[in-house]
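Undergrad: First the structure, which I've put down as structure tokens, then a few questions once you've had a look.
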Amino acid sequence: MSESAAPEAVVVIDDDYAMRLSCAKIVSKMGLRVEVFEDGARGLEAVAALKPGLVVVDLKMPGISGLEVVSRVHEIDPQIIMVVITGYATIDTAVEAMKSGAYDFLPKPFSPDELRLIVNRGLERRRLALESQRGEVERALLKRTFVTFVSHQLRSPLAAIHQYLDVLQRLDEAGDSPARRREWIGRCLKRTEELQSLIADWLTLARVEGGALLKERVEVDLKSTIVNILENYRAMAAAEDVALEVSLPEGETRVRGDRTCVSVLFDNLITNAIKYNRRGGKVTVSGGFCDGEIVIAVGDTGVGIPEKYRPFLFDEFFRIKDSGVKRTEGTGLGLHISKRIVSEMGGSIEVESQAGIGSTFRVRLPAWREPADDAEMGGWE
Amino acid sequence: MTTGGKRILMVDDDEDFVEAVACFLEANGFTVLRAHDGKEGVRLAKVERPDLILMDIMMNERTEGFFAIHEIRGDPEIKHTPIFVLSSFCSRLPDLEIPAAGGWLAHDMFLPKPVNTAHLLEKIRQRLGKAA
């Protein structure tokens, strides 16, 4: 069984002929042995027989799904590295795949270099894992990878704050400079705010997931909600040298929803538009009606969102890491929450963006209609 | 106790965490080099040859620290540099000393994050000894 000198085997499972072929070509050029299969059933059979080091699998296939292949491969051998290919890459599916034990995912289309990199890294990770089996420690650590992915977000600011306080206390004893102390206290406050907005976002998400938007549907007037929010951000916008322009339509702008959630929705869009803007730029909030829906557009004059990132924009924890985009602060949840709120309310949200000109988020929500079938409640006073 | 200007490389993507720990170590006579991702960490390890490395694990939303450690251990010039893992991964583990097996060396350690700096200092001094 042991084959220390033989090259590692890689199994590719994809129903797309061209994709199988090109993956095989790339991987075999890396000096690895490669086998391709067109469906999950045949692929799994081969995995059991071959015990490859790494399996590349398409998530969307007829028959056994890619996710199922991922978990079944790990029943065969938990040390096999799984890479999933996905044509509709969202963090949701990727997280799902990671939960089932995938090592990483490749969104289509990908370049040969990206495949090579991921295969190399995957095999390296496998070697490392195999080598340190005796240590036990790393495996225990890796098992917690997924949980950590989420809790990391909460822990990092807390760890930083704790560390500042810990060191402040110790350095104080040695007589430390007041300037540094002030600077660090400022940083602690900043991280505390980060933690608070993260918790606030998680709570909003829980509220949406808990069905608040279905249970507590009341009349909410968009116009006054938006005007209130803009009022709150006047100072922030002025500090960023960003003008706020608003032109909301005459007439009814009431929708049915949860007051908190509707506020959060426009709060997120408006603060983003202020933050991701340029000095001297502007935020435009405009509105209109279309087919029984109220349409609200929030536009900025920032650098724009590169097209390749747009499909992921509403995903949990997604952040653009381009150098041209200023700041990475924020929880990575704002737009995800906004999208969830809009969908729960039966509406939609979309983004338009042009490099160097700006982005516009357009929200459509069904207009309020008198609930005719609630008439039986009328007798109560 | 003199530390003879020993040099410590700290690899961590949280600038605040690095700032706090680095200042503490500097106040105790060490020189601290800072890297904010695994790649920069490996580069500095190769160029600067620190006496000890403090390594975070979760960077760039993955376990980048493990890759960095693997790369460092693969380079004969620097592979004997002791590495202390400072990660919230380790919060529930006791201070584990890693046996000389696999990618780990006998003088590596795992410490939870946030770290008790007095304890960290003691462990670093033990590792690096008094000799300059």
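Undergrad: If I take R0 = 41 Å and measure r between the Cβ atoms of A:Met236 and A:Glu75 in this structure, what FRET efficiency does the formula 1/(1 + (r/R0)^6) give, to the nearest 0.05?
TA: Details: r = 53 Å, r/R0 = 1.28.
My answer for the efficiency is 0.20.
Undergrad: Could I ask something else about it? From a point 7 Å beyond the Cα of A:Ser247 in the direction of its Cβ, which residues of the stretch A:258-287 have a backbone N at a distance under 14 Å?
TA: Inside the label zone: A:283-287.
Undergrad: Using modelled backbone amide H atoms (1.01 Å from N, in-plane), which distant-in-sequence or interchain residues come within less than 5 Å of B:Met10's amide H?
TA: B:Leu33, B:Arg34, B:Ala35, B:Leu54
Undergrad: Structure shown: which of B:Lys6/B:Lys113; A:Lys190/A:Lys215; A:Lys190/A:Lys339; A:Lys275/B:Lys39 lie over 32 Å apart, alpha-carbon to alpha-carbon? Before the final figure, lay out each step's value.
TA: Working: B:Lys6/B:Lys113 23 Å; A:Lys190/A:Lys215 35 Å; A:Lys190/A:Lys339 27 Å; A:Lys275/B:Lys39 30 Å.
Checking Cα-Cα distances, A:Lys190/A:Lys215 exceed 32 Å.
Undergrad: Using a 1.4 Å probe, how large is the accessible area of A:Ser348, given in Å² and rounded to the nearest 10?
TA: Counting only protein heavy atoms, the figure is 50 Å².
Undergrad: In addition: Compute the distance from the alpha-carbon center of the stretch A:160-208 to that of the stretch A:13-42, in whole Å.
TA: 50
Undergrad: Hey, another quick one. How many partner chain Cβ atoms sit within 10 Å of a residue's Cβ in peptide A:164-170, on average, as a whole number?
TA: On the way: counts 7, 2, 8, 10, 3, 1, 6.
Mean shielding by partner chains, rounded to a whole number: 5.
Undergrad: Mind giving me the FRET efficiency for B:Glu77 and A:Lys308? R0 is 45 Å, r the Cβ-Cβ distance, nearest 0.05 is fine.
TA: Details: r = 39 Å, r/R0 = 0.86.
About 0.70, to the nearest 0.05.
Undergrad: A follow-up question, please. Partner chain Cβ atoms within 10 Å, averaged over the residues of B:18-31 - can you pull that number for me? Kindly include the intermediate steps, with their values, before the conclusion.
TA: Working: counts 2, 8, 14, 4, 1, 7, 7, 1, 0, 5, 3, 0, 0, 0.
That works out to 4 on average.
Undergrad: Solvent-accessible area of A:Met61, probe 1.4 Å, all protein chains present, reported in Å² to the nearest ten, please.
TA: 20
Undergrad: Ok, one more. Give me the extension gain from A:Asp39 to A:Ser197: residue separation times 0.36 nm, minus the current Cα-Cα distance, reported in nm with one decimal. Before the final figure, lay out the partial values.
TA: Working: separation 158, 0.36 × 158 = 56.88 nm, distance 4.47 nm.
Full extension from A:Asp39 to A:Ser197 adds 52.4 nm.
Undergrad: Additional query: What nm distance separates the two modelled labels at A:Leu117 and A:Phe289, each placed 7 Å from Cα along Cα→Cβ?
TA: 5.1
The values are calculated or read from the model by the stated rules, or taken from the named source; none is laboratory data. Predicted model, so just to flag it, every value in this text is computed and none were measured. For neighbour counting, all protein chains shown are included, and Cβ atoms are generated from backbone atoms with ideal geometry for every residue, glycine included. These accessible areas exclude ligands, DNA and RNA; they are computed on the full protein's heavy atoms, side chains included. Shrake-Rupley method; radii C 1.70, N 1.55, O 1.52, S 1.80 Å.
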